[in-house]
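To start, the structure itself, in structure tokens.
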Amino acid sequence: MLRNLKYFIIPSLFIILLSSCYNDNKGQKNIFHYNESSGIASLDPAFAKSQSVMWAVHQLYNTLVEVDSQLHMVPSVAKRWSISADKKTYTFYIREAIFFHDNICFANGRGRKLTAYDVVYSFNRIMDKKLASPGSWIFNDKVDSVDGFKAIDDTTFQMKLIRPYNPILGILSMQYCSIVPHEAIEKWGSDFRRHPVGTGPFQYVAWEEGQSLILKKNKTYFEKDSAGYRLPYLDGIKISFNDSKATEFLLFRQGKLDFINDIDASFKDEVLTKKGTLRKEWQHKIVLQTHPYLNVEYLGILVDTSNPLVRSSPTRLRKVRQAINYGFDREKMILYLRNSIGIPAHSGFVPAGLPSFDSVAVKGYDYNPALARTLLKEAGFISTVSIPAIKLYTISIYEDMADYIARQLEEIGFHIQVEIVQKSLLLEMTSNSQALFFRGSWIADYPDAENYLAVFYSKNPAPPNYTRYHSAPFDALFEKALKETNDSIRYRLYQQADQVVINDAPVVPLWYDVVVRLVQPEVKNFQPNALNLLELRQVKLEKK
């Protein structure tokens, strides 16, 4: 009882310290503050399917390998690895000085050393059907079902594949593959979501849902900088949960947040010019960071003809879906609604920034209302009166974009009804095939086009195949690409598969995204990256 009391008192004191620092004078402590307007659903990495969860999980846990700023796979928990000649057996050699965070789930409350057996446990847990992790699909049809994961000894982990699969290292860098201790799962059960225990640069202190989440520096973290100093530099992180973007912006202006991610429509014109630069009154007061990152914004169209929603909709016809793609001006949408932040998606579903991206090899859709009208007529809709109404589901922050597209599509004969729903409801609807036409985005989990094209692989459920797309030619190209070890050949196969999808038009690519951050001048070493992960290990706060 006294031992448990000790663990209650220490975090409580830390909460008071951090809270007073946040509310009274943020500059007194080396604490990084940011706001998560969408909230955080879980701190269990097995449920890291949204950006808000990924960001928090990235602070608390480590994976075997990770992606560096140049999109290369580099060591993390594994100090090195080897690959067998047949490309089917991967052997990882684990660092010996990595410890889990202190927690009452361990003997004497002291975090123990991470071993290869923890890797086996963590990966098997992801695939456990009882857990129902949204990442359970990541090893499907890839890893040997009998002897896939094995600990040779404490520091050697081995993974066996069914067949060569080049993107597997990218899979292992996903937050789903964070390494967790079995003691914490056994201690906390389903409540592990709010009692995280990892090996990451920061460790859990307290979480009052809807109010704030507090993390503190992991003083035994294994990574060091180039000069030999132990990371991280920060003492802690405080995440607030104001759901109002206006409030978030106000807190940033007051210096109570160190950065804000993305710029809401309600104040973007106050901060940015139409060319995407800071307005004069903001220059030298804040820092604008923009950087391409691997995300495609799109509209999805359910194409499973066994679904009654699809059978009764004009979107069941490919020419109608193509007409939607031709029917609005992406260039003007980015200029006026995004202040030039983003690249109009005139190519495929695979976004700019990936090595396989080629806008010449994969031809998408330009604004061509005349061709859109012709396609509608060819599909059998001679007059605009004959086209049934189509409901477009989106969340509130994309309402202006949905309205813009709806207005332009109406000019060529469509009747689009924009319906605003909560994010959680939209995810539920798309996962259960209840949304015929919906707004979506796909952020890369790892830097390979396979991560995007898997969205259309017929053997994948939803997620990720939200449109329920099924194409034998696509599947054949996709499967061939996965077996190919030559990068140049694999990229060409990816491009051909992407073109098949774009021609069938189960999606309407809108733009390839760009990270947009407003940052306080005292925040140093805060670098954006192509995966838009929140990287805080080397961040410093230089107080005035």
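Residue separation times 0.36 nm, minus the C-alpha to C-alpha distance between GLU186 and GLU411: what's the value?
Net length gain for the segment: 75.1 nm.
Tell me, in nm to one decimal, what length is gained between ALA265 and TYR229 on full extension, where the rule is 0.36 nm per residue of separation less the Cα-Cα distance?
Extending this stretch completely gives an extra 8.8 nm.
Would you mind getting me the FRET efficiency between ALA97 and ASN124? Use the beta-carbon distance for r and R0 = 30 Å, nearest 0.05.
The computed FRET efficiency comes out at 0.75.
Label points 7 Å out from Cα along the Cβ direction at SER312 and LYS88: separation in nm?
With each label placed 7 Å out from Cα toward Cβ, I get 5.0 nm.
How big is the antiparallel share of DSSP beta bridges in the chain, given as a percent to the nearest 5?
Counting DSSP beta bridges with both partners in the chain, the antiparallel share is about 85 percent.
Quick one: helix 369-378 against the long Cα principal axis of the chain, what's the angle to the nearest 10°, folded into 0 to 90?
Tilt of helix 369-378: around 70 degrees.
Please give the helix 487-504 orientation as an angle from the longest Cα principal axis of the chain, in degrees from 0 to 90, rounded to the nearest 10.
50 degrees
Antiparallel as a % of all DSSP beta bridges within region 294-515, to the nearest 5?
If we restrict to bridges inside region 294-515, about 65 percent are antiparallel.
What percent does the relative contact order of the chain come to when contacts are Cα pairs within less than 8 Å and at least six residues apart?
It rounds to 18 percent for the chain.
How far is helix 51-60 tilted off the main Cα axis of the chain, in degrees rounded to 10, range 0 to 90?
20 degrees
At q = 0.16, 0.19 Å⁻¹, what is the base-10 log of I(q)/I(0) for region 62-221 according to the Debye formula with one equal point scatterer per Cα and no solvent? Please give it to two decimals.
Each listed q corresponds, in turn, to -0.96, -1.31.
Could you derive backbone 3J(HN,Hα) for region 81-91 from the dihedral phi with the Karplus parameters 6.51, -1.76 and 1.60 (θ = phi - 60°), listing whole Hz in sequence and x where the residue is Gly or Pro?
8, 10, 10, 5, 4, 8, 6, 10, 10, 10, 10
Given a cut-off of 21 Å, name the pairs among LYS363/LYS391; LYS319/LYS377; LYS49/LYS129; LYS245/LYS540; LYS217/LYS245 whose C-alpha atoms lie farther apart than that in the structure shown.
Values: LYS363/LYS391 27 Å; LYS319/LYS377 9 Å; LYS49/LYS129 17 Å; LYS245/LYS540 25 Å; LYS217/LYS245 28 Å.
In this structure, LYS363/LYS391; LYS245/LYS540; LYS217/LYS245 lie more than 21 Å apart at Cα.
Taking amide H positions as placed in the peptide plane 1.01 Å from N, state which residues far from ILE390 in sequence (5 or more) or on other chains have amide H under 5 Å from it.
When sequence neighbours closer than 5 places are left aside, the close amide H contacts are HIS415, ILE416, GLN417.
Report the gain in length on full extension from HIS72 to VAL360: 0.36 nm times residue separation, minus Cα-Cα distance, nm rounded to one decimal.
Here the segment from HIS72 to VAL360 would lengthen by 101.2 nm.
Label GLU209 and ASN503 with points 7 Å out from Cα along Cα→Cβ: what is the distance between them in nm?
Calculated label separation equals 4.8 nm.
Any idea what the relative contact order of region 72-156 is, in percent, if you count C-alpha pairs under 8 Å spaced at least 6 apart? Please report the intermediate quantities before stating the final value.
Working: 90 pairs, mean separation 21.0, N = 85.
Here the relative contact order equals 25 percent.
Under 5 Å between amide hydrogens, which residues at least 5 positions from VAL515 or on another chain qualify, with H placed 1.01 Å from N in the peptide plane?
Correct list: HIS291, TYR293.
Label region 239-338 by shape, choosing from rounded, prolate and oblate, from the square roots a ≥ b ≥ c of the eigenvalues of the Cα gyration tensor; if a/c is under 1.5 it is rounded, and otherwise prolate applies when a/b is larger than b/c, oblate when it is not.
prolate
Quick check: pseudo-label points 7 Å beyond the Cα along Cα→Cβ at ALA41 and LYS391, how many nm apart are they?
2.1 nm
Quick check: the distance between the Cα centres of region 71-100 and region 373-420, to the nearest angstrom?
Between the Cα centres of region 71-100 and region 373-420 lies a distance of 50 Å.
Please report Rg over Rh for the chain, where both radii come from the alpha carbon positions and Rh follows the Kirkwood definition. Could the numbers behind the result be given before it?
Numbers: Rg = 24.1 Å, Rh = 24.8 Å.
When Rh is taken as the Kirkwood radius, the ratio is 0.97.
Any read-out appearing in this document is the output of simple, stated calculations on the displayed coordinates, not a laboratory observation. Remember, it's a predicted structure, so these values are computed and weren't measured experimentally. Reconstructed Cβ throughout: ideal geometry from the backbone, glycine too, with neighbour counts over all protein chains shown.
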